[in-house]
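Accompanying notes for the structure given below.
The values are calculated or read from the model by the stated rules, or taken from the named source; none is laboratory data. If you're wondering where the values come from, they're calculated on a predicted model, not measured in any experiment. Heads up, the Cβs are rebuilt from the backbone with ideal geometry, glycines too, and the neighbour counts pull from every protein chain shown.
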Amino acid sequence: MRTVEYKRKHRWASYGTSKCKEYLRYDFLCECAYCKLNEVDCGLVTSHFFEVDHFIPQTSDTTVDHSYGNLIYSCQVCNNKKGNENGALNPCEENIWGKHITNGFCEESGYICKALTEEGSLHLKVLQLNTRAHIKMRKQSVSRLLWDRIDEIVIDIQNRLKLKKSIDDEIKTELFHVLELIKSGRQYEPREPISIAVDYLNSHSIINDLIFKEYNLDISITFNDIVYYCELVIDASDIKSENLNKYIDTERLKYWSKHVSERVGILFFYPNAKRMYFFPIPESSIDVSKTKYHVHLTEKQLLNSSFTLN
Ligand SMILES: [Zn+2]
């Protein structure tokens, strides 16, 4: 089986669309796919420091491919270095580290990456992956990896604690609390506006979970013990011009009915109007011969604390 550094999920998102960068961020594990600089090593500048790179850049004789499959989560430095140069290897098609270049993430190597193949040599040259900044970053990253290992140990201790009943209950509760805190500091945190959508659901006591599943299924919500996998559709309209007529691609509906076994719905979110509507996709009776399916949102579908599904 061919192994690759990163695997993009199937998503309907192209360059510049509202959730595109967040999807890439998730699929590329919050790190630059070229130099492996991780957001957690970046501090406060994080959101500005990561960009969307077109793997195949625009050249004079082609138009630029904005599709999700051509996009890479990249730090500013790598994106600038790569520019329109050819020769960088595709991290979604190649297992670059270990095959084309050595793993520079260890003390013995002096945190330097060496080329193992000709392609690797060109890759290093185009992206200039051995600058002083890269070496410093790799050092930092190694200590972060130690933290990840500590996380694993923490989870292991938690599991053991669950089983061992003889430990004093109070100590157990305290310990659990500390372990939860350590763990929560290292989890994937969504950025606006997805995090605002999650806040909205929480504030209306709607059971939800951020899932980022394939086919744009971003958040799950639960009503009467039924779980709905939902696409979050964000509409930046203000309150006055809030458009309550929505059109869903029937292509998407066909995909969902074929590939997703859970119930599916759409969350239409208007962050400026502070409103969210829930439209569960009917299990049948959708005319897929047309390209768009029309939905008119009403107050009945407005998600708030008194929302009921009937
Ligand atoms: Zn980078």
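General remarks:
- For the stretch 82-102, the tally of residues that are away from the ligand (no atom under 15 Å from the Cβ) and buried (at least 19 other Cβ atoms within 10 Å of the Cβ) stands at 1.
- Selection of first residues in the stretch 75-96 that are more than 15 Å from GLU51 (Cβ to Cβ) and of second residues that are polar (S, T, N, Q) and more than 14 Å from the ligand (Cβ to nearest atom), restricted to Cβ pairs under 6 Å at least 6 apart or on distinct chains, gives the following pairs, ordered by first then second residue: ASN95/THR3.
- Selection of the stretch 29-43 for residues being of a type in the set (A, V, I, L, M, F, W, C) and away from the ligand (no atom under 11 Å from the Cβ) yields LEU29, CYS30, VAL40.
- For the stretch 103-111, the count of residues that are surrounded by 15 or more Cβ atoms within 10 Å (Cβ to Cβ) and touching a strand residue (DSSP E or B) at 6+ places or on another chain (Cβ under 8 Å) is zero.
- Enumeration of residues in the stretch 117-134 that are under 15 Å from CYS32 (Cα atoms), at pLDDT 90 or above and surrounded by fewer than 16 Cβ atoms within 10 Å (Cβ to Cβ): GLN128
- Condition met for LYS114 (surrounded by fewer than 16 Cβ atoms within 10 Å (Cβ to Cβ), in contact with a Ser or Thr (Cβ under 9 Å, 6 or more places away or on another chain) and among the basic types (Lys, Arg)): yes
- Residue match in the stretch 107-117 (condition: in contact (Cβ under 8 Å) with a residue 12 or more places away in the chain, over 25 Å from the mean Cα position of the chain (by Cα) and in a strand (DSSP E or B)): yes
- Residues located in the stretch 294-310, provided they are modelled with pLDDT of 90 or more and among the hydroxyl-bearing types (Ser, Thr, Tyr): THR298
Yes/no per residue for (1) closer than 23 Å to GLY16 by Cα; (2) outside the structural domain of SER205 (by TED's automatic domain parsing); (3) at pLDDT below 95; (4) not hydroxyl-bearing (Ser, Thr, Tyr):
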| site | (1), (2), (3), (4) |
| --- | --- |
| CYS230 | yes, no, no, yes |
| ILE239 | no, no, yes, yes |
| LEU267 | yes, no, no, yes |
| TYR277 | no, no, no, no |
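- Breaking point among (1) surrounded by 13 or more Cβ atoms within 10 Å (Cβ to Cβ); (2) touching a residue at least 40 places away in the same chain (Cβ under 8 Å), for ASP151: (2)
- Scan of the stretch 57-82 for residues that are among the small types (Gly, Ala, Ser) and in a helix (DSSP H, G or I), ordered by number: GLY69
- Residue match in the stretch 244-255 (condition: over 20 Å from ASP287 (Cα atoms) and at pLDDT below 95): yes
- Residue match in the stretch 187-199 (condition: acidic (Asp, Glu), modelled with pLDDT under 90 and part of a loop (DSSP other than H, G, I, E, B)): yes
- Subset of the stretch 70-81 (residues that are touching a strand residue (DSSP E or B) at 6+ places or on another chain (Cβ under 7 Å) and more than 9 Å from the ligand (Cβ to nearest atom)): ASN70, LEU71, ILE72, TYR73
- Positions within the stretch 272-292 being at positive phi and surrounded by 15 or more Cβ atoms within 10 Å (Cβ to Cβ), in sequence order: none
- Residue pairs meeting the criteria (Cβ under 6 Å; at least 6 apart or on separate chains; first more than 21 Å from ASN216 (Cα to Cα) and free of Cβ contacts under 8 Å to residues at least 12 places away in the same chain, in the stretch 23-44; second of a type in the set (Lys, Arg) and more than 12 Å from the ligand (Cβ to nearest atom)): none
- Apart from one condition, ASP156 fits all of (1) within 13 Å of the ligand (Cβ to nearest atom); (2) of a type in the set (D, E, K, R); (3) exposed (fewer than 15 other Cβ atoms within 10 Å of the Cβ); the exception is (1).
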